[in-house]
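**Q** Please read through the structure below; I'll follow up with questions.
The values are calculated or read from the model by the stated rules, or taken from the named source; none is laboratory data. All values reported here derive from a predicted model rather than from experimental measurement. Cβ coordinates were reconstructed from backbone atoms using ideal geometry, including for glycine residues, and neighbour counts include every protein chain displayed. Side chains included, ligands, DNA and RNA excluded: accessible areas come from the protein's heavy atoms. Shrake-Rupley method; radii C 1.70, N 1.55, O 1.52, S 1.80 Å.
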Amino acid sequence: MKLAFLYAGQGAQHAGMGRDLYEAFPSFRAAFDAALLPFDLHKLCFEDPDGLLGQTQYTQPCMVAFAAGVTAVLFEHGIVPAYAAGLSLGEYSALHASGVFTAKSAIELAAFRGAEMAKASEGIQSAMTAVLNLDRETLAHCCEEAGGMVRICNYNCPGQIVIGGEAQAVARAGELAKAAGARRLMPLRVSGPFHTPLMQPAADALQRRFESEPFGEMRIPVLFNCLGSLRTDETIASLLVRQVRSSVHMEETIRELMHLGVNTVVEIGPGRALSGFVRKTAGTSITCYAAEDVPSLQNVLTVLAR
């Protein structure tokens, strides 16, 4: 067996996520509580009474704290991957698993990243839409024809590509995509035009932050979003700066994992969207397990600890 961890990104969050894991696993609690934040992470994740969890400045640290907790439990039971990767924000969790960031620094970096992305989104009427069953070349042409700021944000899997940017431009590109043969358009619940050039202010802020941020040694190879593959000679900081304003190549990442011999994946995060991307890309050549609550994590521990 060759194992990879895949970490979920924004969109999978929901109120109550992690509560049962926090109660069941001391190692989850230790990692989840590692960071110092100006808001109550427990209240946001476990209850979200004010409906803030969907705002990116809160979503991001909550998701990374959840992932750090699950990773701690897996490592505690001797389950360590050969490779790690994440969808967008999930890349920070992959880097935590690899040893580049501590749980504390990963969660605090996610809070900083989320705040800067929220700031960059202010005053922009934005949207992101998943386009189903249209090839990437045709969709790229639709974005060009639409005018305004609209770009392909995510190459998720065969048959699912996400566009984002200014709301009116995204709507026009969607209409052109439908006319060109797209089967369906699915508006996404997001709070900004992520992975487009409109995120340049956030990229600049991250670049400044990384000048004083310690980076540990990468002990587990990470496949990076903006490459769809392993890092070559570009620095991790540079790749993370580039990631926030450029497309996420998840389909290429999954294909590279196949090429590297990975046949088992654990999806870490609330929800199972990435497992769907793996199945649509790799078919039955990769077996997927979820780690999103106590029953699913216990199943992973039972099956993989053997």
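**Q** Scan region 254-305 for residues that are part of a helix (DSSP H, G or I), in contact with a helix residue (DSSP H, G or I) (Cβ under 9 Å, 6 or more places away or on another chain) and open to solvent by less than 50 Å² (accessible area, probe 1.4 Å) and jot them down.
**A** Ile254, Leu257, Leu274, Phe277, Val278, Thr281, Ala282, Val294, Leu297, Val300, Leu301, Leu304
**Q** I'd like to know if region 70-81 contains one or more residues that are aromatic (Phe, Trp, Tyr), modelled with pLDDT of 95 or more and either open to solvent by 10 Å² or more (accessible area, probe 1.4 Å) or touching a strand residue (DSSP E or B) at 6+ places or on another chain (Cβ under 8 Å) (or both).
**A** Among the residues of region 70-81, at least one is aromatic (Phe, Trp, Tyr), modelled with pLDDT of 95 or more and either open to solvent by 10 Å² or more (accessible area, probe 1.4 Å) or touching a strand residue (DSSP E or B) at 6+ places or on another chain (Cβ under 8 Å) (or both), which makes the answer yes.
**Q** Checking the conditions here, which among Arg113, Arg172, Arg189 is closer than 20 Å to Val244 by Cβ, at pLDDT 95 or above and either in a helix (DSSP H, G or I) or open to solvent by 40 Å² or more (accessible area, probe 1.4 Å) (or both)?
**A** Arg113
**Q** Could you go through region 35-58 and let me know if any residue there is in contact with a Lys or Arg (Cβ under 8 Å, 6 or more places away or on another chain), under 19 Å from Ala97 (Cβ atoms), surrounded by fewer than 24 Cβ atoms within 10 Å (Cβ to Cβ) and of a type outside the set (D, E, K, R).
**A** yes
**Q** Quick check on this structure: which one of Ser27, Ser88 is at pLDDT 95 or above, open to solvent by less than 40 Å² (accessible area, probe 1.4 Å) and in contact with an Asp or Glu (Cβ under 6 Å, 6 or more places away or on another chain)?
**A** One residue alone meets the criteria, Ser27.
**Q** Quick one: Val100 ticks every box in (1) part of a loop (DSSP other than H, G, I, E, B); (2) open to solvent by 10 Å² or more (accessible area, probe 1.4 Å) bar one, so which box is it?
**A** That leaves (2) as the condition not met.
**Q** Can you confirm whether Ala177 is touching a helix residue (DSSP H, G or I) at 6+ places or on another chain (Cβ under 9 Å) and either in contact (Cβ under 8 Å) with a residue 60 or more places away in the chain or part of a helix (DSSP H, G or I) (or both)?
**A** yes
**Q** A further question follows. Does Ala127 satisfy the condition of being of a type outside the set (D, E, K, R), open to solvent by 10 Å² or more (accessible area, probe 1.4 Å) and not in a strand (DSSP E or B)?
**A** No; evaluated as a whole, the condition is false for this residue.
**Q** Take the residues in region 206-250 that are without any contact (Cβ under 8 Å) to a residue 12 or more places away in the chain and among the β-branched types (Val, Ile, Thr), then tell me which one is surrounded by the fewest Cβ atoms within 10 Å (Cβ to Cβ).
**A** Thr232
**Q** Now, a different point. Counting residues that are within 22 Å of the chain's Cα centre (by Cα) and of a type in the set (Gly, Ala, Ser), which helices (runs of 4 or more DSSP H) fully inside region 1-55 reach at least 1?
**A** Fully inside region 1-55 and qualifying: 26-32.
**Q** Considering only residues that are in contact (Cβ under 8 Å) with a residue 40 or more places away in the chain and touching a Phe, Trp or Tyr at 6+ places or on another chain (Cβ under 9 Å), which ones fall in region 119-153?
**A** Across region 119-153, the qualifying residues are Ser121, Ser126, Met128, Cys153.
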